[in-house]
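Student: Input: one structure, supplied below.
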Amino acid sequence: EAQVTQNPRYLITVTGKKLTVTCSQNMNHEYMSWYRQDPGLGLRQIYYSMNVEVTDKGDVPEGYKVSRKEKRNFPLILESPSPNQTSLYFCASSSPSLARDEQFFGPGTRLTVL
Amino acid sequence: GDSVTQMEGPVTLSEEAFLTINCTYTATGYPSLFWYVQYPGEGLQLLLKATKADDKGSNKGFEATYRKETTSFHLEKGSVQVSDSAVYFCALRTSGGSYIPTFGRGTSLIVHP
């Protein structure tokens, strides 16, 4: 089954404790991206990647890091989480051969930073 | 830069009512337009799309027409159901640049029995 998976689905942590949210897709897509969703602000892009070892900042990259060492994986790293990073996070993937077609989203990771 | 503006919600309707969710856009290129839907507790999924002016996208009884002259892509459904309760996102993607879409803020739809 074609899908984007994220882990964990739920995470409660404390300020300053490094964490990683994993994202993996099995569709051989070149493009992957991370979004955060907050009430009243909608969906905002954090980082995106157009291929292995190619990443770029989105609209709200501060406090986040990403890496793309393999085509299928695109982890989101919070080196020193803060309460304002409490949010719902989504990973998505797509392909340039589907450049005018859809993005495939993961189920989301709800992060709470205390 | 590219941007998408959606009507603010929540939109609250009774079952079988007519639905319109407005979406207008600004784009430097020639965009494709999308509507995504997010059901409670789930990720976004594509609902419908249109890739050129005057195209009509349709799916699950929902429709939207790409209006270049008014830069709009309004979502409509003739008779909503309780199961349509969700958040709806309008989005665009231009052929140049990163191919990563720009999303609107989302409109929550609540349908009562």
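Student: Can you tell me what the convex hull of the Cα atoms of chain B projects to on average, as an area in nm²? Could you put the intermediate results ahead of the total?
Tutor: Numbers: hull surface 26.5 nm².
Averaged projected hull area, Cα only: 6.6 nm².
Student: Using the crude model of +1 on Lys and Arg Cβ and -1 on Asp and Glu Cβ, and no other charge, please compute the dipole size for the protein assembly as shown relative to its Cα centre, in debye to 20. All intermediate terms of the calculation are to be shown ahead of the outcome.
Tutor: On the way: 22 positive and 22 negative charges, 124 e Å.
The dipole of the protein assembly as shown has a size of about 600 debye.
Student: Can you compute the radius of gyration and Dmax for chain A, using only the Cα atoms, both in Å?
Tutor: Cα radius of gyration and Dmax of chain A are 13.4, 42 Å respectively.
Student: Which ³J(HN,Hα) values in Hz, rounded to whole numbers, follow from the phi angles of region B:13-19 under the Karplus curve 6.51 cos²θ - 1.76 cosθ + 1.60, where θ = phi - 60° and Gly and Pro get x?
Tutor: Running phi through 6.51 cos²θ - 1.76 cosθ + 1.60 with θ = phi - 60° gives 9, 8, 4, 6, 6, 8, 10 Hz.
Student: Accessible area drop of at least 20 Å² (1.4 Å probe, protein heavy atoms): which residues of region A:13-54 qualify, relative to the chain alone?
Tutor: A:31, A:35, A:37, A:40, A:41, A:42, A:43, A:45, A:48, A:50
Student: Picking from B:112, B:90, B:39, whose Cα lies most toward the positive end of the charge dipole for chain B (charges on Cβ: Lys, Arg +1; Asp, Glu -1)?
Tutor: So the residue furthest toward the plus end is B:90.
Student: Can you put A:9, B:93 in order of accessible area, largest first, using a 1.4 Å probe? Numbers along the way, then the final one.
Tutor: Values: A:9 85, B:93 5 Å².
Heavy-atom accessible area, descending, gives A:9, B:93.
Student: Separate question: Of all the accessible heavy-atom surface of region B:23-82, with the other protein chains kept in place and a 1.4 Å probe, what percent is carbon and sulfur? Let's see the in-between values first.
Tutor: Details: 1290 of 2710 Å².
The computed percentage sits at 47.
Student: In Å and on Cα atoms, what radius of gyration and Dmax does the protein assembly as shown show?
Tutor: 17.5, 51
The values are calculated or read from the model by the stated rules, or taken from the named source; none is laboratory data. Quantities reported herein were computed from a predicted structural model and do not represent experimental measurements. In this analysis, Cβ positions are derived from the backbone assuming ideal geometry, glycine residues included, and neighbour counts consider all displayed protein chains. In case anyone asks, the SASA skips ligands and DNA or RNA and just uses the protein heavy atoms, side chains included. Shrake-Rupley method; radii C 1.70, N 1.55, O 1.52, S 1.80 Å.
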